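Report on one structure; see the data block that follows.
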Amino acid sequence: MTTDAVIAEILAAHPREQSALLPILHDVQAEFGYVDAAAERIIADALNLSRAEVHGVVSFYHDFRSAPDPRPAVQICQAESCKARGIDMLMQAARDAAGERVRLAPVYCLGLCSVGPNARVGDRLHARLDEAQLVSLVTAQ
Amino acid sequence: MTAVRISDDALALACGADALAAAFEAAGCTVERASSWGMHWLEPLVEIDGMGFGPATPEDVDAILSGKSAKAIGPIATHPFIAGQQRLTFARAGRTRALSLEDYERTGGWAGLERARRIGPEHVLDEVARSGLRGRGGAGFPAGVKWRTVAKAPGARKFIVCNADEGDSGTFADRMLMEGDPLQLIEGMAIAAHAVGAAQGYIYIRSEYPHAIRKLRDALKLCADIIAPFNIDVRVGAGAYVCGEETSLLNSLEGKRGEVRGKPPLPALQGLFGCPTVVNNVLTLAAVPHILAEGGAQDYEARGAGRSKGTMPIQLAGNIRHGGLYETPFGVTLNQLIFEIGGGTASGRPVKAVQVGGPLGAYLHPGQFDIPFDYEAYAAADALIGHGGITVFDDTADMAAMARFAMEFCAVESCGKCTPCRIGSVRGQEIIDRILSGGRQADAVELLPQMHNARLAERSQAEEVQLLEELCAVMKDASLCALGGFTPYPVMSALRHWPADFGLSAR
Ligand SMILES: Cc1cc2nc3c(=O)[nH]c(=O)nc-3n(C[C@H](O)[C@H](O)[C@H](O)COP(=O)(O)O)c2cc1C
Ligand code: SF4
Ligand code: FES
């Protein structure tokens, strides 16, 4: 299926109103890994919005990306409770293991604040990470 | 065949609960997945005939089954961590399966909703007001007053919006409730809808909680007929902390940028799509079924301290030995929470600081650990309870780095609508950097010979500190919402109590 056809299918699954914009963007982001200018234009037309309005929303939220990034991603919690449990001390090793190959994305709290340092890959969560475990998590992606 | 219970809460999963469950199944046991008791240092916790074992790994299975495990903790329900609590909102934690209507009904589920329907909206509003329930999302606004405002507001369409954005570090009670007892939240929303006359509800939940999203969606399918004609949809956030602010959340639900709206108008009068809207935190709504059960309002009101009534699900997090969920009446002190209940730091080192109330909360010094946990007492100490998260730091913490992080977080998450927050948070990071490097030197341009008439903008460390104080005062007074307005709390408290970390002598 072409990109346009997939987006049309996503649009068909939602009501044609602005309040459906976030659910639509989530679906597009999940399908392609990004929401680019072409996708913004199709969505804007369908919801009777300007492309600027749609782009404003895409660029506001951290979850939406406007360009593809083929690298696997590891989200590492950088918030206070994970800092209190030593995540900052592990970051250099994680960065070394990631290099250019893996994208390390900061996340501010995964709701596991009593068992940090924590990370998320897709929908899988990882807790009580020490340096070796974090490095092998990054290397395994 | 031995029946084993292991939680399927996201925290237990992150600690390896699935592999453990598979190992028990391979050993011939039946495994039932229940909610979490909230003793996080013991997760994954294994329960067999009421006896607990944890934190367990697949290697422990044989020893546990043969009764020889060193990880035995005895009966769970009478464990001091559980027995010392007064669990109302978390009464089912560990005891039921999240998606079992049977478990829910057996433990008093739907009694509040049924009674609410019997006594009618006016009495429901009275009882919520009488219980003294205040919003658990942070501001502590009386729920009864908010609900009555929405009930009385003119308008054919009204909404119930559950704020499940739980972005604060150190908090996980909303997540645990949604994963462990989603039906109770749904019942609370249905009671609110009945009280104010709303037909549609939304649960706005952060995208960082995929397990809770799935549980809520499944739970809503299970009980659609029970709450009908009221209907609830789950909406997923997109990684913006500020969308926990109620007006930003409403914009997000409407498909817009999550910018904060000015108040007035209050969301209670003009909220979602301009209609009267109740916006309440997960814990506020989940406390309601207990309050609406027979005698519940008096029972709730009888607990707590001062004007902070009822119980607070406190979250013990960060560098603490016994972290987890501790629901207790207001009035408890940090000394009790951290040392008696929490067992001190996980690292075994001395406690240096505690942040209460998430990233916008003040850092408290051990000298302040006797302040009673109540909204007014914390406000008087320039601190806040927020969502009840407690993050413990040991003596290796660098409080200047934490202050800088508070500014950095504000800059990353600012919605951008007002200048003190959007620009001030960036300037704040720069000033803290300059304090740490001993003051401001003239830059390359200022040193050019042509610039000899321009005043050099050199500043001493003391002048930089004064600048930071002034910046914080402006952010506090002139920000539209609490993201910019409260970021000064962690910054100023760190500066006040730990000047040495900033390279300053005691002030
Ligand atoms: C920056 C910011 C973030 C907030 N995040 C949350 C949140 O994640 N969850 C929440 O319930 N309230 C949050 N609040 C508070 C809400 O604005 C609002 O007070 C609350 O949802 C009202 O519900 P309650 O009365 O039941 O507490 C936040 C406020 C601000 C300023
Ligand atoms: S204080 Fe910050 S987050 Fe709040 S409205 Fe202003 S810019 Fe937006
Ligand atoms: S602070 Fe890292 S999970 Fe909450």
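The values are calculated or read from the model by the stated rules, or taken from the named source; none is laboratory data. Source: prediction; values computed, not measured. Methodologically, a virtual Cβ is constructed for each residue, glycine included, from the backbone with ideal geometry; neighbour enumeration extends over all protein chains shown. Remember, those area values only see protein heavy atoms, side chains included, never the ligands or the DNA or RNA. Shrake-Rupley method; radii C 1.70, N 1.55, O 1.52, S 1.80 Å.
Ballpark to the nearest 100 Å², how much total accessible area do B and A bury together, probe 1.4 Å? Before the final figure, lay out each step's value.
On the way: alone 20150 and 8290 Å², together 24890 Å².
What B and A bury together is about 3600 Å².
Would you please name the GluC sites (Glu not before Pro) within the stretch B:424-485 that are DSSP coil residues with at most 16 other C-beta atoms within 10 Å of their C-beta? Could the numbers behind the result be given before it?
Numbers: sites: B:GLU430, B:GLU446, B:GLU458, B:GLU463, B:GLU464, B:GLU469, B:GLU470; in loops: B:GLU446, B:GLU458.
Filter output for the stretch B:424-485: B:GLU446, B:GLU458.
Answer rounded, prolate or oblate for the protein assembly as shown, using the Cα gyration tensor with square roots of eigenvalues a ≥ b ≥ c: rounded when a/c is under 1.5, else prolate when a/b is larger than b/c, else oblate. Write down the numbers at each step before the final one.
Numbers: a/c = 1.32, a/b = 1.18, b/c = 1.12.
Since a/c stays below 1.5, the shape of the protein assembly as shown is classed as rounded.
From the square roots a ≥ b ≥ c of the eigenvalues of the alpha-carbon gyration tensor of the stretch B:150-283, which class results: rounded (a/c under 1.5), prolate (a/b over b/c), or oblate? Display every interim value, and only then the final one.
Numbers: a/c = 1.91, a/b = 1.09, b/c = 1.75.
The shape class here is oblate.
Probe radius 1.4 Å, ligands and nucleic acids ignored: give me the carbon and sulfur share of the accessible area of chain B as a rounded percent. Walk me through the numbers before you get to the answer.
Details: 9910 of 18480 Å².
Carbon and sulfur: 54 percent of the exposed surface of chain B.
Per residue of B:361-373, count partner chain C-beta atoms within 10 Å of its C-beta, then hand back the mean as an integer.
On the way: counts 1, 0, 1, 0, 0, 0, 0, 0, 0, 0, 0, 0, 0.
So the per-residue partner count for this stretch is 0.
For the stretch A:112-139, which residues drop by 20 square angstrom or more in accessible area between the chain on its own and all protein chains together (1.4 Å probe)?
A:LEU112, A:CYS113, A:SER114, A:VAL115, A:ARG120, A:ASP123, A:LEU125, A:ALA127, A:ARG128
Put +1 on the Cβ of each Lys and Arg and -1 on the Cβ of each Asp and Glu in chain B; which of B:ALA198, B:GLY503, B:CYS410 then has its Cα farthest toward the positive end of the dipole?
B:ALA198
Taking every DSSP beta bridge with both residues inside the stretch A:73-139, roughly what % is antiparallel (nearest 5)?
Values: 5 of 10 bridges.
Once the DSSP bridges in the stretch A:73-139 are tallied, antiparallel ones form about 50 percent.
When the helix-only estimate is applied to chain A (DSSP H runs of n ≥ 4, each -39,500 (n - 2.57), divided by the residue count), what is the mean residue ellipticity at 222 nm, nearest 500 deg cm²/dmol?
Only helices count here, giving -14500 deg cm²/dmol.
Between beta-carbons, use under 15 Å as the cut-off and find the net charge around B:PRO80, counting Lys and Arg +1, Asp and Glu -1.
Residues near B:PRO80 contribute 0 overall.
Among the DSSP beta bridges whose two residues both lie in the protein assembly as shown, what percent are antiparallel, rounded to the nearest 5?
Percentage antiparallel, nearest 5: 50.
Any idea what the dipole of the stretch B:304-394 comes to, in debye rounded to 20, about its Cα centre with Lys/Arg Cβ at +1 and Asp/Glu Cβ at -1?
Details: 5 positive and 7 negative charges, 31 e Å.
Using only the charged Cβ atoms, the result is roughly 140 debye.
What distance in nm lies between label points placed 7 Å from Cα along the C-beta direction at B:VAL474 and B:ARG307?
If labels sit at B:VAL474 and B:ARG307, their model points lie 3.3 nm apart.
Residues of the stretch A:31-71 losing 10 Å² or more of accessible area relative to the isolated chain, 1.4 Å probe, heavy atoms only?
A:GLY56, A:VAL57, A:PHE60, A:TYR61, A:HIS62, A:ASP63
If each residue of separation counts as 0.36 nm, what is the full-extension length gain between B:ASP443 and B:LYS221 once their alpha-carbon separation is subtracted? Let's see the in-between values first.
On the way: separation 222, 0.36 × 222 = 79.92 nm, distance 6.34 nm.
Gain on extension, B:ASP443 to B:LYS221, equals 73.6 nm.
What are the GluC sites (Glu not before Pro) within the stretch A:37-141 that DSSP puts in a loop, where the Cβ has at most 11 other Cβ atoms within 10 Å? Kindly include the intermediate steps, with their values, before the conclusion.
Numbers: sites: A:GLU40, A:GLU53, A:GLU80, A:GLU100, A:GLU131; in loops: A:GLU100.
Here the sparse-neighbourhood loop sites are A:GLU100.
How high is the FRET efficiency between A:ALA13 and B:ARG106 when r is their beta carbon distance and R₀ equals 22 Å, given to the nearest 0.05? Provide the component values of the computation, followed by the final result.
Working: r = 38 Å, r/R0 = 1.71.
Computed FRET efficiency for A:ALA13 and B:ARG106: 0.05.
At a 1.4 Å probe radius, carbon and sulfur cover how many percent of the accessible area of chain A?
Values: 3190 of 6410 Å².
That share works out to 50 percent.
How charged is the neighbourhood of B:PHE141? Take every other residue with its Cβ under 14 Å from the Cβ of B:PHE141, and add Lys/Arg as +1 and Asp/Glu as -1. The partial results should precede the final answer.
Working: positive: B:ARG134, B:ARG136, B:LYS146, B:ARG148, B:LYS263, B:ARG307, B:LYS309; negative: B:GLU245, B:GLU246, B:GLU376.
Once positives and negatives cancel, what remains is +4.
Tell me which residues come under 5 Å, amide H to amide H, from B:ILE73 once H is placed; ignore anything under 5 positions away on its chain.
B:GLY52, B:PHE53, B:GLY54
Could you provide, to the nearest whole Å², the per residue accessible area of chain A with probe 1.4 Å? Working shown, then result.
On the way: 6410 Å² over 141 residues.
With all protein chains present, chain A gives 45 Å² per residue.
DSSP loop (so not H, G, I, E, B), at most 15 other Cβ within 10 Å: list which trypsin sites (Lys or Arg not before Pro) in the stretch B:22-107 pass both filters. Intermediate values should be presented prior to the final figure.
Numbers: sites: B:ARG33, B:LYS68, B:LYS71, B:ARG87, B:ARG92, B:ARG95, B:ARG97, B:ARG106; in loops: B:LYS68, B:LYS71, B:ARG87, B:ARG92, B:ARG95, B:ARG97.
Of the trypsin sites (Lys or Arg not before Pro), the ones in loops of the stretch B:22-107 whose Cβ has at most 15 other Cβ atoms within 10 Å are B:LYS68.
Rounded if a/c is under 1.5, else prolate if a/b is larger than b/c, else oblate: which is chain B, with a ≥ b ≥ c the root eigenvalues of its Cα gyration tensor?
oblate
Using a Förster distance of 22 angstrom, determine the FRET efficiency expected from the C-beta separation of A:GLN92 and A:SER136, and round it to 0.05. The partial results should precede the final answer.
Working: r = 16 Å, r/R0 = 0.71.
Between A:GLN92 and A:SER136 the formula returns 0.90.
Net charge within 11 Å of A:ALA105 by Cβ-Cβ distance, Lys/Arg positive one each and Asp/Glu negative one each, not counting A:ALA105 itself? Before the final figure, lay out each step's value.
Numbers: positive: A:ARG65, A:ARG71, A:ARG103, A:ARG120; negative: A:ASP63, A:ASP69.
Net charge in that neighbourhood comes out at +2.
For B:THR345, list long-range residues whose amide hydrogen, built 1.01 Å from N in the peptide plane, is under 5 Å from its own amide hydrogen.
Sorted by chain and number, the residues that satisfy this are B:ARG321.
Output needed: Cys residues of chain A lacking any neighbouring Cys C-beta below 4.7 Å, sorted by number.
For chain A, the answer is A:CYS109, A:CYS113, because their Cβ atoms have no other cysteine Cβ under 4.7 Å.
Quickly work out the A:ALA52-to-B:ARG455 label distance, labels modelled 7 Å from Cα along the C-beta direction, and quote it in nm with one decimal.
Here the modelled spin labels are 4.0 nm apart.
Note down the magnitude of the dipole of chain B about its Cα centre, charges +1 on Lys and Arg C-beta and -1 on Asp and Glu C-beta and zero elsewhere, to the nearest 20 debye.
On the way: 48 positive and 58 negative charges, 254 e Å.
Roughly 1220 debye for chain B.
Heavy-atom accessible area of A:LEU125 with all protein chains present, probe 1.4 Å, nearest 10 Å²?
20
What's the longest bit of chain A with no exposed trypsin sites (Lys or Arg not before Pro), using DSSP loop states and at most 11 other Cβ atoms within 10 Å as the test? Write down the numbers at each step before the final one.
Working: sites that count: A:ARG16, A:ARG101.
For trypsin sites (Lys or Arg not before Pro) (loop position, at most 11 other Cβ atoms within 10 Å), the longest site-free span of chain A is A:17-100.
Obtain the nm distance between the two label points defined at B:GLU294 and B:ILE73 by a simple spin-label model: each point lies 7 Å from its Cα along the Cα-to-C-beta direction.
Label-label distance for B:GLU294 and B:ILE73, simple model: 3.5 nm.
Let me know the number of lysine pairs in chain B closer than 29 Å at the Cα, not counting same-chain pairs under 8 apart.
27
Using just the helices of chain B, give the 222 nm mean residue ellipticity in deg cm²/dmol: DSSP H runs with n ≥ 4 each add -39,500 (n - 2.57), and the total is spread over all residues, rounded to 500.
Values: 21 runs with 197 residues, N = 507.
Rounded to the nearest 500, the figure is -11000 deg cm²/dmol.
Say R0 is 35 Å: what FRET efficiency, to the nearest 0.05, do B:THR149 and B:GLN86 get from their beta-carbon distance?
Details: r = 30 Å, r/R0 = 0.86.
My answer for the efficiency is 0.70.
Taking H as built 1.01 Å from N, whose amide H comes closer than 5 Å to the amide H of B:LYS256, not counting residues under 5 places away?
Those lying under 5 Å, H to H, from B:LYS256: there are none.
Residues of the stretch B:252-271 that become at least 50 Å² less accessible with every protein chain present than in their own chain isolated, using 1.4 Å: which are they?
B:GLY255, B:ARG257
Give the accessible surface of chain B per residue, rounded to a whole number of Å², with probe radius 1.4 Å and ligands, DNA and RNA excluded.
Details: 18480 Å² over 507 residues.
Counting only protein heavy atoms, the per-residue value for chain B is 36 Å².
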